[in-house]
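Working notes, beginning with the structure itself.
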Amino acid sequence: EGSILIARYPKKASTDLLSSKYFVSVIDSKGTFVLPKSITEEFHGTCYLSLGTDKNIWLFTSSMFEKMSARIRQTSMLDQDARLLRRMLYAVASDIVIKASGRIHIPEIMIEHLQIKERIVGFYTSDYLELWAEDDWNERAIVVSERAEASIELILADIIREGIRTHKLDDLNP
C-alpha cells in the first residue's frame with residue numbers, strides 16, 4: 001500500500017504555507033501512490049500526466065492542460081522546437097482520474113522512463129505538479145541549491161549597486 005512519508009527536505013516549519021507543497025510518497029508495484037490532502041483539494045477529478053522537461057512527470061488539472069494545449073496548437077508545425085514540445089508533452093500523455101482519497105496511478109511507461117523505484121517526490125507549483133523519482137529529485141536539489149545561492153548573490157549585488165547609484169551616501173546611513 002502506498003503511504004505518505006513525512007518530508008525532511010526542505011526544512012521548514014509546519015506553519016509555513018509552502019510546506020504542504022512538497023511531499024514524498026511510497027509508490028507501490030502497480031504504480032499507485034497517494035497525494036497529500038492539501039494537493040488533492042486542488043487536483044481532483046480528471047487530470048493529465050505528461051513527461052516533463054527535467055526527467056520528471058508533470059501533472060496538470062484539465063483546465064491547465066487545455067490552456068496549454070490551445071497555446072501549443074497556435075505554434076507552427078514547421079517550428080522544430082514546437083514539434084519537440086508536442087512530442088514531449090503528448091507522446092505518452094495520459095488522462096487520469098484522481099480519487100477523493102488522493103490515490104493516483106502512473107502508467108508503466110512513465111515509471112520505466114523515469115526509473116521510479118519505491119518513492120516518488122512531488123512538488124507543487126502554481127499551475128502544475130512535478131513528480132520525480134526520489135534519487136533524481138535529490139540530485140537536482142543539490143544543483144538547484146548551488147545555483148540558487150549563486151543567483152541570490154548576484155541579485156543582492158545588483159540591488160546593492162542600484163541602491164548606491166540611486167541614493168546619496170547619507171541616505172544609506174540613517
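Answer yes or no: is there a residue in the stretch 133-148 that is modelled with pLDDT of 85 or more, under 17 Å from THR46 (Cβ atoms) and touching a strand residue (DSSP E or B) at 6+ places or on another chain (Cβ under 9 Å). The answer is no; no qualifying residue exists.
Annotation note: Cβ proximity below 6 Å between a residue of the stretch 61-83 that is within 10 Å of CYS47 (Cα to Cα) and a residue that is polar (S, T, N, Q) (sequence gap 6+ or interchain) occurs for SER62/THR46. In the stretch 105-117, the residues that are free of Cβ contacts under 8 Å to residues at least 24 places away in the same chain reach residues that are hydroxyl-bearing (Ser, Thr, Tyr) with C-beta atoms within less than 9 angstrom, at least six apart or across chains, in these pairs: ILE109/SER94.
Looking only at residues of the stretch 83-120 that are loosely packed, with under 15 Cβ neighbours inside 10 Å and small (Gly, Ala, Ser), we find that the one that is farthest from PHE65 (Cα to Cα) is SER101.
Within the stretch 112-122, the only residue that satisfies the criterion of being more than 16 Å from the chain's Cα centre (by Cα) and either aliphatic (A, V, I, L, M) or on the phi > 0 side of the Ramachandran plot (or both) is GLN115.
State yes or no: is MET77 farther than 16 Å from HIS105 by Cα, surrounded by 13 or more Cβ atoms within 10 Å (Cβ to Cβ) and of a type in the set (A, V, I, L, M, F, W, C)? No. Could you say whether any residue in the stretch 75-82 is among the small types (Gly, Ala, Ser), at pLDDT below 90 and within 19 Å of the chain's Cα centre (by Cα)? No: the stretch 75-82 contains no residue that is among the small types (Gly, Ala, Ser), at pLDDT below 90 and within 19 Å of the chain's Cα centre (by Cα).
The values are calculated or read from the model by the stated rules, or taken from the named source; none is laboratory data. Since we're looking at a predicted model, the values are computed, not measured. Cβ coordinates were reconstructed from backbone atoms using ideal geometry, including for glycine residues, and neighbour counts include every protein chain displayed.
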